[in-house]
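Asks: I'd like to ask you about the structure that follows.
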Amino acid sequence: MNFDFAAVLVLLTFASGLIWLVDALVFAKKRARQQENGVEEKANEPVIVDYARSFFPIFLLVLILRSFIAEPFRIPSASMMPTLLIGDFILVNKYEYGIRLPVLDQKVIDYETPERGDIIVFRYPENPDIPYIKRVVGVPGDHLLYRDKVLYINEEPMSQRVLGRYDAVGSGRVMNGVTLLEEELGDVEHLILIDPDDYSRTVEAIVPLGHYFVMGDNRDNSKDSRFWGFVPDENLMGRAFMIWMNWDSRNGGIDWKRIGTILH
């Protein structure tokens, strides 16, 4: 069972705000009248009201920031290596692809759409309770072909340059020794990993309107659109733009060099 932090945050914000409001409109005035009439020497505010008044602004601020500005996520798998490592903590832009209501995920303000090369977080189409992160390689209307570990977009192969052997560390050490390449995805240059000894699945598709084709940068160790299909626009959660922390106990804890890395 997945913990729905957004729903809990909305509930806490609503409950604390309601308690504070009802007390301010009804009970606080009653306590004030009682004190004026000498019924009580001192009007005591209930503890729950004190807590609600103190925490409501905090809950509201976190809700606004997390729902409409930026949301943090932790990378649990190796599917986006070498761009993202296990233990990376990232920030995701929540407004670039449109403003959506928390919990309901209903878009209320339209804005930009994902472009090739964007690293996006989305709700996994086969189980929307699970957030996934991949790179957009195909936008609506694109003809895609992935064959012999090379990506073709609209019949043009995406250039790849071999950089050598990849030296993996920490929890991603299982990828040690695979091939590190630089791929040009239109105007975006990014790193990918290829295992020359692994089977290459051939996939061909035309991206339909309102959908996106995504792949992991760790091409031979990623469950992505090659296996389960397209990401619909309504599943988008945002664009990953920065690593704000990295913690991997198998790599000595904090990797200070990764903090503040801007994602491309």
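Asks: Can you name the residue in the range 128-154 that is on the phi > 0 side of the Ramachandran plot and of a type in the set (D, E, K, R) and, of all such residues, is surrounded by the fewest Cβ atoms within 10 Å (Cβ to Cβ)?
Replies: Per the criteria, the residue is D148.
Asks: Looking at A205, is it over 29 Å from P102 (Cα atoms) and surrounded by 14 or more Cβ atoms within 10 Å (Cβ to Cβ)?
Replies: Values: over 29 Å from P102 (Cα atoms): yes; surrounded by 14 or more Cβ atoms within 10 Å (Cβ to Cβ): yes.
Yes: the conditions hold for A205.
Asks: Could you run through the range 159-198 and say how many residues are under 26 Å from I254 (Cβ atoms), loosely packed, with under 13 Cβ neighbours inside 10 Å and of a type in the set (V, I, T)?
Replies: Residues that pass the stated criteria total 1.
Asks: Still on this structure, please answer the following. From the set of residues in the range 117-138 that are acidic (D, E) and over 15 Å from V92 (Cα atoms), which is modelled with the lowest pLDDT?
Replies: Looking at residues that are acidic (D, E) and over 15 Å from V92 (Cα atoms), I get D129.
Asks: Here's a follow-up. Being among the β-branched types (V, I, T) and modelled with pLDDT of 95 or more narrows it down to one of V174, V207, V169, so name that one.
Replies: V207
Asks: Give D233, D197, D224 a once-over and let me know the one that is without any contact (Cβ under 8 Å) to a residue 40 or more places away in the chain and among the charged types (D, E, K, R).
Replies: One residue alone meets the criteria, D197.
Yes or no, residue by residue, for (1) closer than 13 Å to M245 by Cα; (2) over 12 Å from the mean Cα position of the chain (by Cα); (3) surrounded by 20 or more Cβ atoms within 10 Å (Cβ to Cβ):
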| site | (1), (2), (3) |
| --- | --- |
| S54 | no, yes, no |
| L61 | no, yes, no |
| S67 | no, no, no |
| F73 | yes, no, no |
| N93 | no, no, no |
| R100 | no, yes, yes |
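Asks: Can you find even one residue in the range 77-92 that is at pLDDT below 95, assigned to a strand (DSSP E or B) and either out of contact with any Cys (no Cβ under 7 Å at 6 or more places or on another chain) or among the aliphatic types (A, V, I, L, M) (or both)?
Replies: no
The values are calculated or read from the model by the stated rules, or taken from the named source; none is laboratory data. Everything numeric in this text was worked out from a predicted model, so none of it was measured. Cβ coordinates were reconstructed from backbone atoms using ideal geometry, including for glycine residues, and neighbour counts include every protein chain displayed.
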